[in-house]
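Reviewing the structure listed below.
The values are calculated or read from the model by the stated rules, or taken from the named source; none is laboratory data. What you are looking at is a predicted structure, and each value in this text was computed from that prediction instead of being measured. Neighbour counts run over all protein chains shown; Cβ positions are idealised from the backbone, glycine included. Side chains are part of the model used for accessible areas, which takes the heavy atoms of the whole protein and leaves out ligands, DNA and RNA. Shrake-Rupley method; radii C 1.70, N 1.55, O 1.52, S 1.80 Å.
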Amino acid sequence: MRKALAVAILALGIVPAHADDPAGCDGFKWSVTRERALLTSSELPTLNSGVDATTLPPLGATLNLQPAATAKLPKLPERTQKSGTHAGYLQLGQIPAGVYTVSISSYAWIDVVQDGAYVKPMALSGATGCDGIRRAIKFNLAAGLTTVQVSGVDAATIRIAVIPSSN
């Protein structure tokens, strides 16, 4: 019976999008040593969703989220949010132009917004079973105000890091 159910689920395509992520810290497509060190720091500040970050990248924080239905994100997430999940955002100041990596500690959807438009990611990497980091995404950002939104988070907090990319 279980085998038949597993075959039916696979046939219907009901497999989470993140199920194919590799396992372990070596499973990322590039080294995430700096990102992981920042995300696992015991000295991360805790910020509430919607705050203007006072520190330019590299920036690491524990972000307090809101229920997705009441999170008041500046722009609707590109991906539909599941019921019962949490969301939040950070406003980054006048960052210099460059490639930045946005990393998170647990599964979530990340949107980066500049001038009211989504910034398309350059590269994405994720792995399960790596303490402190779950996903890292690279963005080529213009100089200026930047909003980083996270959604689809199962918990009410998430650790987030934004750092200039080294590769």
Collect the residues in region 130-167 that are among the charged types (D, E, K, R), under 10 Å from the mean Cα position of the chain (by Cα) and in a strand (DSSP E or B), keeping them in residue-number order.
135, 159
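I need the full set of residues from region 67-79 which are of a type in the set (A, V, I, L, M, F, W, C) and loosely packed, with under 13 Cβ neighbours inside 10 Å, in order please.
Result: 69, 76.
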Go through region 86-121 and report how many residues are out of contact with any Asp or Glu (no Cβ under 6 Å at 6 or more places or on another chain) and under 13 Å from residue 150 (Cβ atoms).
15
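Among the residues of region 85-123, how many are of a type in the set (A, V, I, L, M), more than 24 Å from residue 69 (Cα to Cα) and in contact (Cβ under 8 Å) with a residue 24 or more places away in the chain?
Step one: of region 85-123, the residues of a type in the set (A, V, I, L, M) are 87, 90, 92, 95, 97, 99, 102, 104, 108, 110, 112-113, 117, 119, 122-123.
Then drop every residue that is not more than 24 Å from residue 69 (Cα to Cα), which leaves 95, 97, 99, 122-123.
Next, only the ones that are in contact (Cβ under 8 Å) with a residue 24 or more places away in the chain stay: 95, 97, 99, 123.
So the count comes out to 4.
Would you call residue 31 within 17 Å of residue 106 (Cα to Cα), outside any helix (DSSP H, G or I), hydroxyl-bearing (Ser, Thr, Tyr) and modelled with pLDDT of 85 or more? Before you say what the answer is, go through the steps one by one.
Numbers: within 17 Å of residue 106 (Cα to Cα): no; outside any helix (DSSP H, G or I): yes; hydroxyl-bearing (Ser, Thr, Tyr): yes; modelled with pLDDT of 85 or more: yes.
Spelling it out, it is not the case that residue 31 is within 17 Å of residue 106 (Cα to Cα), outside any helix (DSSP H, G or I), hydroxyl-bearing (Ser, Thr, Tyr) and modelled with pLDDT of 85 or more.
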Considering only residues of region 36-47 that are open to solvent by less than 80 Å² (accessible area, probe 1.4 Å) and in contact (Cβ under 8 Å) with a residue 40 or more places away in the chain, which is nearest to the chain's Cα centre (by Cα)?
39
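Which of the residues that make up region 67-82 are over 17 Å from residue 118 (Cα atoms) and modelled with pLDDT under 90? Explain how you work it out, then say what you get.
Residues of region 67-82 over 17 Å from residue 118 (Cα atoms): 67-71, 82.
The answer is 82, and nothing else.
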Is there a residue in region 48-66 that is at pLDDT 95 or above, over 23 Å from residue 128 (Cβ atoms), touching a Leu at 6+ places or on another chain (Cβ under 9 Å) and open to solvent by 90 Å² or more (accessible area, probe 1.4 Å)?
yes
Out of (1) crowded, with 19+ Cβ neighbours inside 10 Å; (2) over 15 Å from residue 154 (Cβ atoms); (3) in contact with a Leu (Cβ under 7 Å, 6 or more places away or on another chain), the odd one out for residue 105 is which?
(2)
